[in-house]
Amino acid sequence: MDFQFTEQQQSIQDAIEKICGDFPLDYWGERDESGQFPEEFVQALAKDGWLGIAMPEEYGGAGLGISDACVMLESIARSGAGLSGASAVHINVFGPHPIVVHGTEEQKKRWLTPLIAGEEKCCFGVTEPDAGLNTSAIKTRAERDGNNYKVSGTKMWTSTAQEAEKVLLLARTTARDKVAKPFDGISLFYTDLDRRYVEIREIPKMGRKAVDTNFVFYDNLPVPKEDLIGEEGRGFYYLLDGINPERCLIAAEAIGIGQFALSRAADYARERVVFDRPIGQNQGIQHPLAESWAKLEAARLLTYKAAWLYDQGQPCGAEANAAKYLCAEVGFEACERAILTHGGMGYAKEYHVERMLREVMITRLAPVGQQLALSYIAERQLRMPKSY
Ligand SMILES: Cc1cc2nc3c(=O)[nH]c(=O)nc-3n(C[C@H](O)[C@H](O)[C@H](O)COP(=O)(O)OP(=O)(O)OC[C@H]3O[C@@H](n4cnc5c(N)ncnc54)[C@H](O)[C@@H]3O)c2cc1C
C-alpha cells in the first residue's frame, strides 16, 4: 500500500500550481463579478497539453489516468480558482470518454485533436427540465431524416454552452414505449452547436458566474449521421463509462476548495487579534478547523482510492459515489467554517471564502444529488432494495 503521489503525480501538481500561480485571486474575483469566461486560463493549460491529460496520446493527449486528472483538478481548485477554474476544463477529462471507447478512428481524429489543443470546446447536454435525475425520461428526440437526424427538445443546465462549438448530446431515437428497457433507444451524438437551430439562454445562478450554465432549446438541429457515437440506441450505456471518473473529479475539486478555504481560515486565525490575542489561540476557533482538516484528509484518501480502482479497471461505483458524497459535504463544511472564522470579513468578497462556499455547493447538487449517491451505496454495496 502506498499513500504517496508517484513522481509523475507530484510533477503534475507542481506544474499545475505553477500555471495557477499566474492567475491570482483577484483574477478569479473579477471573473466572478463580470461573468467573463476564463479563456486565458484555459489556453494556458492547453498550451502545455493539460486539456488532454486523460486522452489518448495519438490525438495529442497525455494518456494518463483518472488519478492523475484528480491531481490536476484538485490543484486547480485549491489554488483559489475553485470551480471557476476547474469547471472550465473539467469536461475535457471525462466528457469525451465515450468517444475514446466507442468512436471510430475518423471521429477520434476529427473531434479529440481540436478539443485537446484548446481550439474547440464542448458542452454536455444530458439534463432536461422534465426528466431531472431520471435520464430515461428525457424527451429530446433525434428523428431520422434520410441519412441524417434532426434534433428537437430542451436541455437544462448545459454548462459552457455560451462558449462551446460542440455538444455531447443525449437524445431519444426510439420512443420509450417502443423499447424493452427504459434506457434503450437513447443515442449519443457529438455535433456542432449550430446557433441557427439552437437558442442558448443563460441561467442566472448562485456562484461560478464565469462558467455559464444554460437552457438550450434545439429546434430541428440537423445532425449528420457521422456524428452518432457507436450504435444507435445504446447512448445511455456509453455515458455510464464516464460516470465514475466524473464523480472522482468532482470529489477532488470539492477537496481542493475545502483545502483552500481551510488554509485561508488558518491564516486569518493566526493574524486576527481580538481580546489581545490571535483568535486562533481559542479552541473554539481551532477545533472546527482541525476537525475539517481531518475530514478533508479522510475524504481525499477515499477519492484517490476510487480513482485508483478505476485506473486499475476494477469496480469502483461505491467508492466513487461515497467520495463524491463525502467530499462535497466536508468541502462545504470547511468553507462554512472558514467564513465563520473570518467573522464579518467572511462575508466580504475581498477574502474569497464566500465565493468558495457558493461554488462548492454545486458539488452537492451535481452531477448527481447526494441522496442518489447514498441510494447507490445502499442498493449496490449494502444490497438493500432499490428505492426509486
Ligand atoms: C451549476 C450546475 C452545472 C450543471 N452542469 C450540467 C451540464 O453541463 N450538463 C448537464 O447535463 N447537467 C448539468 N447540471 C445538471 C445536474 O447534473 C442536475 O442538476 C442534477 O443531475 C440533478 O438533477 P435535477 O436538478 O433535475 O434534480 P431533480 O432530479 O429534480 O432532483 C431534485 C432533488 O431530489 C432528489 N431526488 C430525486 N429523486 C430522488 C429519489 N428517488 N430519492 C431521493 N432523492 C431524490 C435529488 O437528489 C435532488 O436533491 C448542472 C447543474 C448545476 C447546478
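Contact map, segment 126-150: first residue in contact (Cβ under 8 Å) with a residue 40 or more places away in the chain, second residue open to solvent by 70 Å² or more (accessible area, probe 1.4 Å) and away from the ligand (no atom under 12 Å from the Cβ), Cβ cut-off under 7 Å, separation 6 or more or different chains; pairs are SER136/ARG176; ASN147/LYS225; ASN148/LYS225; TYR149/GLU143; TYR149/LYS225; LYS150/GLU143; LYS150/ASN220. SER79 fulfils the conditions (1) assigned to a helix (DSSP H, G or I); (2) more than 18 Å from the chain's Cα centre (by Cα) except for a single criterion, (2).
The set of residues in segment 5-32 being more than 17 Å from LEU73 (Cβ to Cβ), touching a residue at least 24 places away in the same chain (Cβ under 8 Å) and not charged (D, E, K, R) consists of PRO24, LEU25, GLY29.
On the stretch given as segment 83-118, residues that are surrounded by fewer than 18 Cβ atoms within 10 Å (Cβ to Cβ) and either within 20 Å of PHE41 (Cβ to Cβ) or within 13 Å of the ligand (Cβ to nearest atom) (or both) total 2. Can you list residue pairs whose Cβ atoms sit under 7 Å apart, with the first residue in segment 283-301 being open to solvent by 50 Å² or more (accessible area, probe 1.4 Å) and the second being part of a helix (DSSP H, G or I) and small (Gly, Ala, Ser)? Count only pairs 6 or more apart in sequence or on different chains. The qualifying pairs are GLN286/GLY280.
For ALA294, the criteria (1) within 16 Å of the ligand (Cβ to nearest atom); (2) closer than 30 Å to ASP68 by Cβ; (3) not polar (S, T, N, Q) hold in every case but one, which is (1).
The condition of being in contact (Cβ under 8 Å) with a residue 40 or more places away in the chain and over 19 Å from the mean Cα position of the chain (by Cα) holds for only one of ALA373, ALA334, ALA320, ALA366, that being ALA334.
Looking across segment 119-170 at every residue that is of a type in the set (Ser, Thr, Tyr), near the ligand (Cβ under 10 Å from one of its atoms) and open to solvent by 20 Å² or more (accessible area, probe 1.4 Å), the one that is nearest to GLY35 (Cα to Cα) is identified as SER159.
Only one entry of GLU232, GLU199, GLU271 meets the criterion of being touching a residue at least 40 places away in the same chain (Cβ under 8 Å) and open to solvent by 20 Å² or more (accessible area, probe 1.4 Å), and that entry is GLU232.
Screening the candidates GLY63, GLY21, GLY35, GLY49 for the property of being touching a helix residue (DSSP H, G or I) at 6+ places or on another chain (Cβ under 8 Å), open to solvent by less than 70 Å² (accessible area, probe 1.4 Å) and over 25 Å from GLY242 (Cβ atoms) yields one hit, GLY21. Can you find even one residue in segment 204-226 that is surrounded by fewer than 21 Cβ atoms within 10 Å (Cβ to Cβ), part of a helix (DSSP H, G or I) and more than 15 Å from the ligand (Cβ to nearest atom)? Among the residues of segment 204-226, at least one is surrounded by fewer than 21 Cβ atoms within 10 Å (Cβ to Cβ), part of a helix (DSSP H, G or I) and more than 15 Å from the ligand (Cβ to nearest atom), which makes the answer yes.
Scanning segment 264-281 for residues that are assigned to a loop (DSSP other than H, G, I, E, B) and either among the aromatic types (Phe, Trp, Tyr) or touching an Asp or Glu at 6+ places or on another chain (Cβ under 7 Å) (or both) yields a single hit, PHE275.
The values are calculated or read from the model by the stated rules, or taken from the named source; none is laboratory data. Just so you know, these numbers come straight off a predicted model, no measurement behind them. All Cβ positions, even for glycine, are placed from backbone atoms using ideal geometry, and neighbour counts span all protein chains on display. In case anyone asks, the SASA skips ligands and DNA or RNA and just uses the protein heavy atoms, side chains included. Shrake-Rupley method; radii C 1.70, N 1.55, O 1.52, S 1.80 Å.
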